[in-house]
Amino acid sequence: MSIENPAPILAGYKALVIGIANEDSIAYGCAQAFRAVGADVAVTYLNEKAKPHVEPLAQALNAAIFAPLDVSQPGELEALFARIEKEWGKLDILVHSIASAKKEDIKGDLLDCSADGFALAMDISVHSLIRMSKLAAPLMKDGGSIFAMTYQGASKVVPNYNVMGPVKAALEASCRYLAYELGPQGIRVHPISPGPLKTRAASGLKDFDQLLNEAAERAPLGELVDIMDVGYTCAYLATPYARRLTGETIYIDGGVNIMA
Ligand SMILES: NC(=O)c1ccc[n+]([C@@H]2O[C@H](COP(=O)([O-])OP(=O)(O)OC[C@H]3O[C@@H](n4cnc5c(N)ncnc54)[C@H](O)[C@@H]3O)[C@@H](O)[C@H]2O)c1
């Protein structure tokens, strides 16, 4: 079966996608898949330096809203959600596809991670999800879906993943608690765990190419995933066909996680 010309299963849906840096970004795969199945998208860019890289992608997506967002800047999230409320009056899908940590913490052992560095990584990569979920929930009047990108290093030790291991463990646990708290409003929360993908964020990890090669070798399906695989899975999860799924981590990795 081909996934070319997919059916418009998300026609009328409004999706906010946070985390596009360039055309390799997982968030760009999500936004492209949502558009391909009929949703309208809002996309953000980190700052003025990032804007020229993201703007052509926003145009290619025909994004209805294109706005700045640095989650560490007070007021920016609030301004973004105020704009969404004004222009759309509702929201169906939120994608959190962002993470950050100090260079020395990404490259160094967890034992050497400073309290400041740990707090910064947790704030940008985890607490930002809690802040945006709180702002998104009142706009998800007919229920909705929230996605957060995690990695297998949350539950298993992946050499060189360092501080991001505990950070992603906290992200997955936060998704479970948010799923519990938002479930009564029909809002589902999905931690999404893609296999390794060659993106800018991944380029900060030591020996990342080795991780890619190992994943390709170990995957029962025999291939690495691409950003559209992630996007189309999220698109499916946003439909009522997945209406009884929430909180559990969904691996999109060709089966790597089932291997010993
Ligand atoms: N690439 C992989 O192999 C892989 C695998 C599993 C999970 N992930 C996760 O996927 C997510 C997206 O990463 P990616 O691989 O697409 O890389 P990417 O570099 O394309 O995306 C990371 C995004 O985070 C954004 N960001 C960083 N700090 C921010 C801040 N303060 N405010 C707002 N945005 C900020 C960047 O602008 C960028 O758009 C991350 O959470 C990452 O940990 C990546």
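The values are calculated or read from the model by the stated rules, or taken from the named source; none is laboratory data. Since this is a predicted model, take the numbers as computed values, not measurements. All Cβ positions, glycine included, derive from the backbone under ideal geometry; neighbour counts span all protein chains shown. What goes into the accessible areas is simple: the full protein's heavy atoms, side chains included, and nothing from ligands, DNA or RNA. Shrake-Rupley method; radii C 1.70, N 1.55, O 1.52, S 1.80 Å.
Annotations for the structure displayed:
- One quarter of the surface of the convex hull around the alpha-carbon atoms of segment 120-159 equals 3.6 nm², the direction-averaged projected area.
- Using only the C-alpha atoms, the convex hull of segment 1-65 corresponds to 78 Å³ per residue.
- Qualifying trypsin sites (Lys or Arg not before Pro) for segment 1-83 [loop in DSSP, other Cβ within 10 Å: at most 11]: Lys49
- Taking the protein heavy atoms of segment 14-255 in the context of the full set of protein chains, the accessible area attributed to carbon and sulfur is 53 percent at 1.4 Å.
- Average accessible area per residue (Å²) across segment 27-99 - probe 1.4 Å, nucleic acids and ligands excluded: 42 Å²
- Shape index of the chain: Rg/Rh, with Rg the Cα radius of gyration and Rh the Kirkwood radius from the inverse mean 1/r over Cα pairs, equals 0.94.
- Of all lysines in the structure, those lying under 29 Å Cα to Cα from Lys107, and not within fewer than 8 positions of it along the same chain, are Lys49, Lys51, Lys156, Lys168, Lys198, Lys206.
- Probe 1.4 Å, all protein chains present, accessible-area order of His53, His127, His96, largest first: His53, His127, His96
- Segment 22-146 - Rg (one decimal) and Dmax (whole number), Cα, Å: 15.7, 47
- Counting only protein heavy atoms and using a 1.4 Å probe, the accessible area of Lys51 comes to about 50 Å².
- Entry comment: accessible area of segment 103-260 is 51 Å² per residue, from protein heavy atoms only and a probe of 1.4 Å.
- Normalised alpha carbon radius of gyration of segment 165-260 [divisor 2.2 N^0.38 Å]: 1.19
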